[in-house]
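**Student:** Here it is, the structure in full.
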Amino acid sequence: MNPNSIHRTVLPNGLTVLVQEDRTAPVVSIVTYVKAGYFDESDAENGLAHALEHMFFKGTKTRGVGDIAKETKSSGGYLNAHTIYDNTTYYTVLPSSGFAKGLEIQADAYANSVIDAGELAKEMEVIIQEAKRKSDSPSAVATETLYELLHDAHRMRRWRIGREPGLRAFTRDKMNRFYRNFYRPGNTILSISGDVDAADALRRVTELYGGLESSEPIRDSGPAEPDHEGFRYRELAGDIAQSQLVIGWRTPGTLDPDTAVLDVAASILATGRASRLYRSVREMKLASSVTAYDYTPTELGVFVVHAETEPENVADAAGVIWDQLHQLRVGLGGWRLGEEYFERFMSASSDDVQRVMRKYLAEERAAALVYRPNSSQVVAQDAADMQRILGAGRSERLASIPPRAVPPKPDAKGAEFEKEEAGVSVFRTAEGIPVLVRRKVGTPMASIGVYIVGGAVEEEESEAGLTLLTARAMLKGTTTRTAAQIAEDAEMLGGSISAGAGSDSFGWSLSVPKARLAQALELMGDVIQRPTIPEDSFDTERTVALSNVAMLRDDMYRYPMRLASSVAFGKHPYGLPTMGTEESLRALSAEQAREWHRSRVLSSAAVIGVVADVDVKEAADLVAREFGALEPEKAPNVGKPRWPKSVKIAAESRDKAQTAIALAFPAPSRADDARFAAALIATVASGLGGRFFDELRDRQSLAYTVQAAVSEKRLAGMFISYIATSPEKEGIARDGLLAEFEKLRERPVTEEELERSKEYVVGSHAIGQESGGALLAEMLDAWMFGSGLGEILEHDSRVRAVTAEQMQAVAQQYFDPKKRVEGIVRGVGRTV
């Protein structure tokens with residue numbers, strides 16, 4: 001970011017306005033940053049700032065409940081918000097054509113929220129559902145319990161969203177006092193970035209915000225945390241599949257000079273595949289994931305190492321993490337502060353890292369927490385026992401990664417130009433592999449994707465997960481690079497290769513600064529064409545995959561969706577999880593993976609895409625030179641799945657606070673023109689201002705999360721809805737979803753809904769043009785699964801051509817309640 005591109009103004013009433021002009025895409029974002037969060041609440045007000053965030057969208061003197069979201073959708077944009085310890089932030093992203101309207105909506109909500117008592121009472125029920133959802137998240141429980149363990153007095157110790165009894169005690173007067181105290185111009189930063197004229201934007205801001213009264217908020221930050229030492233430990237057990245291990249320390253706040261160095265320490269420990277903890281913990285099969293970060297909300301911070309692991313590996317993982325921290329100890333404000341922080345980060349030395357590790361992350365100042373499955377054994381009896389376990393841990397000293405000499409390549413032919421369509425230049429390698437290059441002027445990054453039609457859709461039940469597992473194992477070594485060299489080379493380029501697999505395709509992607517495009521393509525070409533897939537590396541990736549399968553059961557959103565898909569598509573590959581099952585993963589071998597690579601990658605329906613601000617022919621030639629081992633093959637021919645002819649339900653019971661329901665119907669496939677009408681139905685139904693949201697969340701207060709979306713696969717589609725609610729309301733929630741689907745069948749959507757949904761879909765598409773990654777995905781999707789690249793230019797016109805009658809016809813064809821499927825995780829219910 002160029003600091004000179006930002007225009008800073010402080011209005012007479014104290015409002016700080018930041019405007020950045022960015023003409024690279026017809027998009028604008030508006031962010032309202034209010035300096036009020038959990039730290040500004042007394043214990044009796046715990047959760048109030050977050051509750052007020054919800055009421056921000058509930059209406060003003062001139063806009064009723066739901067109008068703020070609906071009007072934003074009508075402008076082609078979306079909005080949301082979050083509350084954290086030191087601030088509450090509201091944001092909206094719109095096509096630049098909707099800027100004026102979007103700014104006016106945000107100004108009205110900021111200054112004129114009515115906080116109606118009746119709406120507050122209903123919304124508190126929604127927030128309590130949100131609190132219950134959070135209590136069902138093992139990661140959230142572990143993290144916030146660690147914060148409680150680290151702090152005796154500071155407000156950081158509290159369950160930040162609030163507890164049920166306190167939340168029910170909130171009144172309109174209490175919330176209004178908080179609102180009128182903190183939502184003041186002098187306590188707010190308004191940021192605008194995108195395709196706007198700075199002078200015009202400031203004029204509009206002055207007109208809308210300049211007349212607001214200036215006053216300083218009365219602020220009570222609560223007690224400071226006293227200095228204390230002594231190792232602390234706590235152990236929890238619950239209905240979870242994997243253990244959570246978190247270790248933390250108290251650290252200084254955002255503006256402390258040592259904060260940047262602590263961030264460097266966290267990066268050395270756990271950022272990327274070449275990091276210490278990735279290599280010593282994840283690669284040693286002691287944890288499926290491990291992260292480290294220094295989180296600094298204003299005046300204080302917490303340094304956290306977080307691992308998710310098999311219950312039997314907790315002690316070993318903890319010991320290795322502890323030892324790596326020891327080795328690192330002994331071995332090794334204003335808007336412009338971002339630039340200063342970057343300089344401190346980049347200039348930190350190994351001596352600086354050792355100094356802050358010893359000063360802040362001393363062993364005697366740590367706290368550790370384990371959250372494990374009920375069925376697993378106790379890890380440590382008390383703090384002394386955990387210290388003994390940690391002290392006994394040892395890990396091998398990580399070897400330095402040797403430099404790699406890139407062998408010279410024989411001269412290879414460049415790419416042959418084929419055509420230009422929809423702003424995309426199409427080339428072919430000498431072997432015939434299509435290369436798609438789209439120039440995005442002004443972007444500093446190059447987005448690269450190598451994707452192949454097939455993979456998971458070809459898997460039998462016994463080999464479910466082979467595609468994804470092999471795609472990831474391919475990153476573990478080639479004929480010229482070790483796994484560590486692959487990781488380091490990618491990270492030195494400023495990126496990391498991601499491997500992924502969906503139902504119909506799989507592939508690899510990488511984003512790097514455009515100046516490093518050539519090196520990035522060389523690295524990807526090596527990984528994709530010359531992997532060795534060693535036995536030990538394959539076994540490591542399989543261990544991680546098994547842990548991910550287990551952790552899926554702890555996810556109260558993804559797991560019901562998985563259950564619904566399993567009964568919707570049965571034995572068809574669409575009914576199998578792309579990550580595999582425990583049975584299938586254990587049966588797979590490295591030799592199967594190597595054969596899969598030979599038959600599914602080297603000879604395949606592959607396509608290579610690049611989006612960057614580069615000469616398209618030069619980029620295509622680079623691709624052609626690095627990917628000469630790939631040969632084209634037709635996409636696999638797979639039979640279509642059959643949707644059940646009667647209601648099918650897959651349900652499980654768990655010790656959870658909520659019951660989560662995924663209720664689904666068939667839908668048009670990717671190749672069906674009716675998919676545009678289905679997408680508009682999802683927009684009418686879901687999101688802020690959508691029918692399902694309005695009825696089931698706003699009016700009935702059944703849930704915090706209620707959604708509807710259409711999933712377009714190559715051979716079939718699925719329209720899936722989701723709601724999470726208290727267990728005793730399962731029947732009401734299901735009936736509510738079915739009633740909304742029935743309304744869509746009985747009568748056409750209104751003209752207002754139709755136009756609003758069209759503007760939203762078209763606007764979201766325009767917003768996506770800002771991202772090189774989104775452009776890459778759109779280009780590759782059109783090539784692999786569409787009627788051609790011309791689809792890119794036809795998107796908006798196809799959306800605008802949809803009629804209300806077409807949408808009703810889709811609803812009548814697909815939303816038959818007698819042919820629905822459900823995936824359910826039933827909780828037992830509890831107060832949080």
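**Student:** For residue 384, work out the one condition from (1) at pLDDT 80 or above; (2) of a type outside the set (Lys, Arg); (3) more than 34 Å from the chain's Cα centre (by Cα); (4) within 30 Å of residue 525 (Cβ to Cβ) it doesn't fulfil.
**Tutor:** Just one mismatch for residue 384, condition (4).
**Student:** Which residue is farthest from residue 708 (Cα to Cα), if the candidates are limited to the range 654-682 and must be in a helix (DSSP H, G or I) and touching a strand residue (DSSP E or B) at 6+ places or on another chain (Cβ under 9 Å)?
**Tutor:** Taking the range 654-682 as the starting set, the residues that turn out to be in a helix (DSSP H, G or I) are 675-682.
Remaining after also requiring touching a strand residue (DSSP E or B) at 6+ places or on another chain (Cβ under 9 Å): 675, 678-679, 681-682.
Values: 675: 15, 678: 11, 679: 10, 681: 9, 682: 6 Å.
Per the stated criteria, the residue is 675.
**Student:** With the structure loaded, tell me whether residue 90 is assigned to a helix (DSSP H, G or I) and touching a Ser or Thr at 6+ places or on another chain (Cβ under 9 Å) or whether it fails that test.
**Tutor:** No, not satisfied.
**Student:** Out of 576, 602, report the one residue that is modelled with pLDDT of 95 or more and over 19 Å from residue 429 (Cα atoms).
**Tutor:** Details: 602 fails: over 19 Å from residue 429 (Cα atoms).
Answer to the check: 576.
**Student:** Within the range 198-233, can you find the residues that are more than 30 Å from residue 248 (Cβ to Cβ), part of a loop (DSSP other than H, G, I, E, B) and open to solvent by less than 30 Å² (accessible area, probe 1.4 Å)?
**Tutor:** Answer for the range 198-233, where residues must be more than 30 Å from residue 248 (Cβ to Cβ), part of a loop (DSSP other than H, G, I, E, B) and open to solvent by less than 30 Å² (accessible area, probe 1.4 Å): just 217.
**Student:** Kindly establish whether residue 759 is among the charged types (D, E, K, R), over 24 Å from residue 77 (Cβ atoms) and out of contact with any strand residue (DSSP E or B) (no Cβ under 8 Å at 6 or more places or on another chain).
**Tutor:** Details: among the charged types (D, E, K, R): yes; over 24 Å from residue 77 (Cβ atoms): no; out of contact with any strand residue (DSSP E or B) (no Cβ under 8 Å at 6 or more places or on another chain): yes.
Spelling it out, it is not the case that residue 759 is among the charged types (D, E, K, R), over 24 Å from residue 77 (Cβ atoms) and out of contact with any strand residue (DSSP E or B) (no Cβ under 8 Å at 6 or more places or on another chain).
**Student:** In the range 364-405, which residues are of a type outside the set (Lys, Arg), part of a helix (DSSP H, G or I), closer than 14 Å to residue 320 by Cα and open to solvent by 30 Å² or more (accessible area, probe 1.4 Å)?
**Tutor:** Correct list: 387, 391, 392.
**Student:** Identify, please: which residue in the range 288-336 is among the hydrophobic types (A, V, I, L, M, F, W, C) and under 21 Å from the mean Cα position of the chain (by Cα) and is, among those, farthest from residue 389 (Cα to Cα)? It would help to see each step written out before you state the result.
**Tutor:** Going residue by residue through the range 288-336, those that are among the hydrophobic types (A, V, I, L, M, F, W, C) are 290, 292, 300, 302-305, 307, 314-315, 317-318, 320-322, 325, 328, 330, 332, 335.
From what is left, the residues that are under 21 Å from the mean Cα position of the chain (by Cα) are 290, 292, 304-305, 307.
Working: 290: 19, 292: 20, 304: 19, 305: 17, 307: 16 Å.
Applying the filter and picking the extreme gives 292.
**Student:** I'd like the residue in the range 268-290 that is of a type in the set (Lys, Arg) and either in contact with a Phe, Trp or Tyr (Cβ under 8 Å, 6 or more places away or on another chain) or in a helix (DSSP H, G or I) (or both) and, out of all such residues, is surrounded by the fewest Cβ atoms within 10 Å (Cβ to Cβ). First the steps, then the outcome.
**Tutor:** Of the range 268-290, the ones of a type in the set (Lys, Arg) are 273, 276, 279, 282, 285.
Filter once more, keeping what is either in contact with a Phe, Trp or Tyr (Cβ under 8 Å, 6 or more places away or on another chain) or in a helix (DSSP H, G or I) (or both): 276, 279, 282.
Working: 276: 22, 279: 20, 282: 23.
In this case the residue turns out to be 279.
**Student:** Please find, among 614, 610, the residue that is at pLDDT 95 or above, within 26 Å of the chain's Cα centre (by Cα) and either acidic (Asp, Glu) or outside any helix (DSSP H, G or I) (or both). Break it down stepwise before answering.
**Tutor:** On the way: 614 fails: within 26 Å of the chain's Cα centre (by Cα).
So the residue among 614, 610 that is at pLDDT 95 or above, within 26 Å of the chain's Cα centre (by Cα) and either acidic (Asp, Glu) or outside any helix (DSSP H, G or I) (or both) is 610.
**Student:** Then there's this: Can you name the helices (runs of 4 or more DSSP H) wholly within the range 485-584 that have at least 1 residues being closer than 21 Å to residue 711 by Cβ and among the basic types (Lys, Arg)?
**Tutor:** Details: elements: 517-529, 535-552, 558-569.
So the answer is 558-569.
**Student:** I'd like to verify a number: residues in the range 642-653 that are in a loop (DSSP other than H, G, I, E, B) and either β-branched (Val, Ile, Thr) or closer than 20 Å to residue 784 by Cα (or both), how many?
**Tutor:** 1
**Student:** Give me the residue from the range 789-820 that is among the acidic types (Asp, Glu) and more than 30 Å from residue 438 (Cα to Cα) and, out of that set, most open to solvent (accessible area, probe 1.4 Å).
**Tutor:** At the first step, the residues of the range 789-820 found to be among the acidic types (Asp, Glu) are 791, 794, 796, 805, 816.
Still in the list and also more than 30 Å from residue 438 (Cα to Cα): 805, 816.
Working: 805: 117, 816: 41 Å².
The residue in question is 805.
**Student:** Please give the number of the condition residue 265 fails out of (1) modelled with pLDDT under 95; (2) open to solvent by less than 40 Å² (accessible area, probe 1.4 Å); (3) touching a Gly at 6+ places or on another chain (Cβ under 8 Å).
**Tutor:** Residue 265 satisfies all of (1) modelled with pLDDT under 95; (2) open to solvent by less than 40 Å² (accessible area, probe 1.4 Å); (3) touching a Gly at 6+ places or on another chain (Cβ under 8 Å) except (3).
**Student:** State all residues of the range 175-195 that are open to solvent by 10 Å² or more (accessible area, probe 1.4 Å) and in contact with a Gly (Cβ under 8 Å, 6 or more places away or on another chain); if no residue qualifies, say none.
**Tutor:** Of everything in the range 175-195, those that are open to solvent by 10 Å² or more (accessible area, probe 1.4 Å) and in contact with a Gly (Cβ under 8 Å, 6 or more places away or on another chain) turn out to be 184, 186.
**Student:** So in the range 133-161, with the set limited to residues that are charged (D, E, K, R), touching an Asp or Glu at 6+ places or on another chain (Cβ under 8 Å) and part of a helix (DSSP H, G or I), which one is nearest to residue 214 (Cα to Cα)?
**Tutor:** Across the range 133-161, the extreme among qualifying residues is 155.
For every residue, the table says whether it meets (1) in a helix (DSSP H, G or I); (2) out of contact with any helix residue (DSSP H, G or I) (no Cβ under 6 Å at 6 or more places or on another chain).
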site	(1), (2)
781	yes, yes
794	yes, yes
807	yes, no
811	yes, no
829	no, no
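**Student:** Might you let me know whether the range 112-120 holds any residue that is within 32 Å of the chain's Cα centre (by Cα) and hydroxyl-bearing (Ser, Thr, Tyr)?
**Tutor:** Yes, that holds for at least one residue.
**Student:** Name the pairs whose Cβ atoms lie under 6 Å apart, with the first residue in the range 535-563 and under 22 Å from residue 589 (Cα atoms), the second assigned to a helix (DSSP H, G or I) and of a type in the set (Lys, Arg), and 6 or more positions between them or separate chains?
**Tutor:** Filtered contacts from the range 535-563: 537/476; 541/472.
**Student:** Here's a follow-up. Which residue out of 827, 786 is under 28 Å from residue 133 (Cβ atoms) and either open to solvent by less than 70 Å² (accessible area, probe 1.4 Å) or modelled with pLDDT of 95 or more (or both)? Steps first, answer last, please.
**Tutor:** On the way: 786 fails: under 28 Å from residue 133 (Cβ atoms).
The conditions single out 827.
Listed here are the residues, each with its yes/no results for (1) surrounded by fewer than 21 Cβ atoms within 10 Å (Cβ to Cβ); (2) small (Gly, Ala, Ser); (3) under 29 Å from the mean Cα position of the chain (by Cα).
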residue	(1), (2), (3)
602	yes, no, no
624	no, yes, no
632	yes, no, no
649	yes, no, yes
657	no, yes, yes
660	no, yes, yes
663	no, no, yes
678	no, yes, yes
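**Student:** Is there a residue in the range 691-708 that is within 23 Å of the chain's Cα centre (by Cα), aromatic (Phe, Trp, Tyr) and open to solvent by 30 Å² or more (accessible area, probe 1.4 Å)?
**Tutor:** Taking every residue of the range 691-708 in turn, at least one turns out to be within 23 Å of the chain's Cα centre (by Cα), aromatic (Phe, Trp, Tyr) and open to solvent by 30 Å² or more (accessible area, probe 1.4 Å).
**Student:** A further question on this structure: Quickly run through the range 448-469 and pick out the residues that are within 24 Å of residue 614 (Cβ to Cβ) and open to solvent by 10 Å² or more (accessible area, probe 1.4 Å).
**Tutor:** Of everything in the range 448-469, just one residue is within 24 Å of residue 614 (Cβ to Cβ) and open to solvent by 10 Å² or more (accessible area, probe 1.4 Å), namely 451.
**Student:** Let me ask something additional. State whether one or more residues within the range 69-76 are open to solvent by 50 Å² or more (accessible area, probe 1.4 Å), assigned to a loop (DSSP other than H, G, I, E, B) and at pLDDT below 95.
**Tutor:** No - not one qualifying residue is present in the range 69-76.
**Student:** Go through the residues of the range 735-748 one by one and say whether even a single one is of a type in the set (Gly, Ala, Ser) and either assigned to a helix (DSSP H, G or I) or open to solvent by 40 Å² or more (accessible area, probe 1.4 Å) (or both). Step through it out loud before you land on a result.
**Tutor:** Initially, the range 735-748 is screened for residues of a type in the set (Gly, Ala, Ser), giving 736, 739.
Now narrow it down to the ones that are either assigned to a helix (DSSP H, G or I) or open to solvent by 40 Å² or more (accessible area, probe 1.4 Å) (or both): 736, 739.
The answer is yes; a qualifying residue exists.
**Student:** Could we say that residue 723 is in a strand (DSSP E or B) and open to solvent by less than 40 Å² (accessible area, probe 1.4 Å) here?
**Tutor:** On the way: in a strand (DSSP E or B): yes; open to solvent by less than 40 Å² (accessible area, probe 1.4 Å): yes.
Against the criterion (in a strand (DSSP E or B) and open to solvent by less than 40 Å² (accessible area, probe 1.4 Å)), residue 723 qualifies.
**Student:** Taking the criterion of being surrounded by fewer than 21 Cβ atoms within 10 Å (Cβ to Cβ) and within 25 Å of residue 495 (Cα to Cα), would at least one residue in the range 556-576 satisfy it?
**Tutor:** The answer is no; no qualifying residue exists.
**Student:** Of everything in the range 487-522, what is more than 24 Å from the chain's Cα centre (by Cα), within 17 Å of residue 776 (Cβ to Cβ) and among the hydrophobic types (A, V, I, L, M, F, W, C)? Give them in sequence order.
**Tutor:** 517, 520, 521
The values are calculated or read from the model by the stated rules, or taken from the named source; none is laboratory data. Only a predicted model underlies this, so the values are computations on that prediction, with no experimental measurement involved. Ideal geometry is used to build each Cβ from the backbone, glycine not excepted, and the neighbour counts take in all protein chains shown. The accessibility values were calculated without ligands, DNA or RNA, using every heavy atom of the protein model including side chains. Shrake-Rupley method; radii C 1.70, N 1.55, O 1.52, S 1.80 Å.
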